[in-house]
Structures are given as structure tokens and as C-alpha cells.
Amino acid sequence: LAHSEFRLQKLAGLVREQVPTISGLNSRFEHIVLLERELDAAEQAVLVELLAYDSPAPTDVDLTEAVLVLPRRGTISPWSSKATDILRNCGVDAVQRVGRGVVYALHGEGSLDRAAAAVYLHDRMTEDTVALEADLDDYFEALTAAPLAHVAVTAQGRGALEQANTELGLALS
């Protein structure tokens, strides 16, 4: 399990405000691994052992009603860099990067609105929601940086800064 039962109940309560048909949630970790080459049997065993957790993942997960939350594309999370280092130090040098996300399985009656539920299941600043059926082959590709912009701020007014805040979506207070 990716979360304690208490945390899952709290999240389910938040989601239920937006999607009243939700009766509960399960969560489990999901790993994405970028390889330089196919792993041999020994490397595969090390990878599976290192990415296993003490608590078993829920087996009653209906993946048709699930949300996958991953770190934002183009970022390298601290977990990812540390896990990649550990795997390489344990002899799995074919691993270029490893990432960890959380699959939230939604339980309830009828059709469940995954998009509405996802609003409460991720942090928009640091995470993305992804459909489980999505092609993740390009997940680890570096994104092209936006061009550098300059904002002329004068002592007389904050108009330029307020305009840049709105146009660039900076969320400055």
C-alpha cells in the first residue's frame, strides 16, 4: 500500500465532495524504469527485490477506475535519483532512470469521474496525472525549456509584475 488506511479514508472523503459516487480508495506504488538494454535474470531479480515493499499491494484493484500520479514530466525527483543510484550500486547498471508513482483505484457505484477525483489526488505543482493506458515511452525525456523572459519592474508600480504573473501563471502573492 502506498498510504495508510487513515490517509486513504481522508482522501476518499475529499474526493467524495467532488465525486459523490466514490465509496473508497486503494493505492499502490507503480514504478517506471528506463533501461539501456534488456535485463538478465539476475538483474531482474535485484530490481524486483529492491522495488518491493513490506506491505503487499492491493489485489482487488479495478484499473479501469484508477488514476496514476507521477512526478511531473521533465523533472527528476529525489526518490528517483537515489533509487537509480542504489540500483546501479547493486549491479543493475542497465537502469538509466527509475521513477515511482501512485496508482489510486477508485471504488464506488456506476461510472466514476477520474478527472474530477484526480484533482484531490495529486499536487498540481509537482505531479501529473496520467491515464493508465497512456504510452509512457517518452516519460523520461527532457523537456525543452521555455525562453527566458524579463519583466521590467519599476519603483512606481507593480503593473508589469502583476501582468507577468497572470500571463505566465506564476501564482505570485
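Where does the longest stretch of the chain lie that holds no GluC sites (Glu not before Pro) found in a DSSP loop with 13 or fewer other Cβ atoms within 10 Å? Formally, the longest exposed-site-free interval is 39-108. For the chain, carbon and sulfur atoms together expose 53% of the accessible surface, with a 1.4 angstrom probe and every protein chain in place.
Each of the peptides 88-95, 19-26, 74-81 was scored by the mean count of other Cβ atoms within 10 Å over its residues; in descending order, highest first, they stand as 19-26, 88-95, 74-81.
Per residue, the convex hull spanned by the alpha carbons of the chain comes to 170 Å³. Across region 80-173, C-alpha contacts under 8 Å between residues 6 or more apart give a mean separation that, scaled by the residue count, equals a relative contact order of 13 percent. Rolling a 1.4 Å probe across the protein heavy atoms gives the chain an accessible surface of 65 Å² per residue.
Compute the FRET efficiency between Ala115 and Leu136 as 1/(1 + (r/R0)^6), taking r as their Cβ-Cβ distance and R0 = 25 Å, and round to the nearest 0.05. Spell out each step's value before the answer.
Numbers: r = 19 Å, r/R0 = 0.74.
About 0.85, to the nearest 0.05.
Net charge around Val92, counting only other residues with Cβ within less than 15 Å of its Cβ (Lys, Arg = +1; Asp, Glu = -1)? Its environment carries a net charge of -3.
The values are calculated or read from the model by the stated rules, or taken from the named source; none is laboratory data. If you're wondering where the values come from, they're calculated on a predicted model, not measured in any experiment. When we count neighbours, we look across all protein chains shown, and the Cβ atoms used for this are built from the backbone with ideal geometry, even at glycine. Each accessible area value is taken on the protein alone, full model and side chains, heavy atoms only, with ligands, DNA and RNA left out. Shrake-Rupley method; radii C 1.70, N 1.55, O 1.52, S 1.80 Å.
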